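Here's the structure we're looking at; comments come further down.
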Amino acid sequence: EVRPLTAPDSASKGSAWIASRLLASAAEVSPDLIEDLRSWAIPTWLANIPDSSVDSLSGACKIVGESERESLLNSVHMAAGDKPKSDLNTWSRFVRVIEGSGRLTPSLCNKIVRQLPMEWFAPFSGHILLNLLKMDQWWNNADLCSIPWAALVLRPIGELHQFPGANDVSHPGVSDDLLVSLEEAIGSGPGIEIIDEASISNIHDLVMSLRSAKEGLPPPIGRTHPLVGWLAQPFHKWPEIAHTDLNGGNSLITARLFLARSRIIREDI
């Protein structure tokens, strides 16, 4: 058994934390212990959810049946409502945005980028970034500046993303007015010249990638990854890129370049 002696309805913070960690590693738990996770870990976790447990949500969704998933998600929404600082509260609010009953605000976007996995918010990354650029002194926001925005924004139209609690979300691709909106947002604050600052290299690379694509020019060498700019270019314009040349920068950008290169190779076969 994986359960301590504590009953779910009287779970302490410690028991809830143990339950959350067990759920987060549900994929590695022996199959004969899964029922313990369902009967003890899930209700114990929900009775006193830790501030950080979105990975527990992913694990819980994997071990419940399809017929039980809606009930589980409703319970998580209710539990998250009592914990405004938790990442599950942020998840719950983001679900409402996805379903059309909520809206993105700078403060919510700031929580999203700090607390949720990047793949979860990738389809909304352009809107999220524009919201974050409305914040005072956004250029000093370490969470904002550390995100590889080009790897999230520069994706094919229709790429599907799984998001717990909502239907699969399709990536919209790059909107026609994103570059102008970014330049206006940056220009109305510290001035567009700030993109040359080393601390905001991720935003610099996104803007420069979009500019070169708009002008029909090959992208300049990126700061976060030498080849990041090609993510904004149509596949038919890509040069032959050696497998080894894709390494040497941000890991998510590298992964996106590998994925795009594999698509190009498949299309050429």
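The values are calculated or read from the model by the stated rules, or taken from the named source; none is laboratory data. Just so we're clear, the structure is a prediction, and the values are computed from it rather than from any experiment. Neighbour counts are summed over all protein chains in view; Cβ atoms, including those assigned to glycine, are modelled from backbone coordinates with ideal geometry.
Laid out as a table, the results:
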quantity	calculated
Among (1) crowded, with 16+ Cβ neighbours inside 10 Å; (2) in the same structural domain as GLY189 (by TED's automatic domain parsing); (3) out of contact with any Lys or Arg (no Cβ under 8 Å at 6 or more places or on another chain) - the single one LEU154 does not satisfy	(3)
Out of SER58, SER92, SER39, sole residue that is small (Gly, Ala, Ser), modelled with pLDDT under 95, under 30 Å from ILE253 (Cα atoms) and not assigned by TED's automatic domain parsing to the domain that holds SER181	SER58
Residues of the range 23-36 satisfying the condition of being surrounded by fewer than 23 Cβ atoms within 10 Å (Cβ to Cβ) and closer than 26 Å to GLU119 by Cα	ALA24, SER25, ALA26, ALA27, GLU28, VAL29
Inter-residue pairs, beta-carbon under 6 Å, first touching a residue at least 40 places away in the same chain (Cβ under 8 Å) and at negative phi and in the range 47-69, second of a type in the set (Asp, Glu) and crowded, with 17+ Cβ neighbours inside 10 Å, 6+ apart	SER52/ASP87; VAL54/ASP87
Residue ID - surrounded by the fewest Cβ atoms within 10 Å (Cβ to Cβ), chosen from residues in the range 210-226 that are of a type in the set (Lys, Arg) and under 16 Å from ASP176 (Cβ atoms)	LYS214
Per-region count, the range 229-249, residues hydrophobic (A, V, I, L, M, F, W, C) and in a helix (DSSP H, G or I)	5
Some residue of the range 212-228 being in contact with an Asp or Glu (Cβ under 6 Å, 6 or more places away or on another chain), part of a helix (DSSP H, G or I) and under 29 Å from LYS134 (Cα atoms)	yes
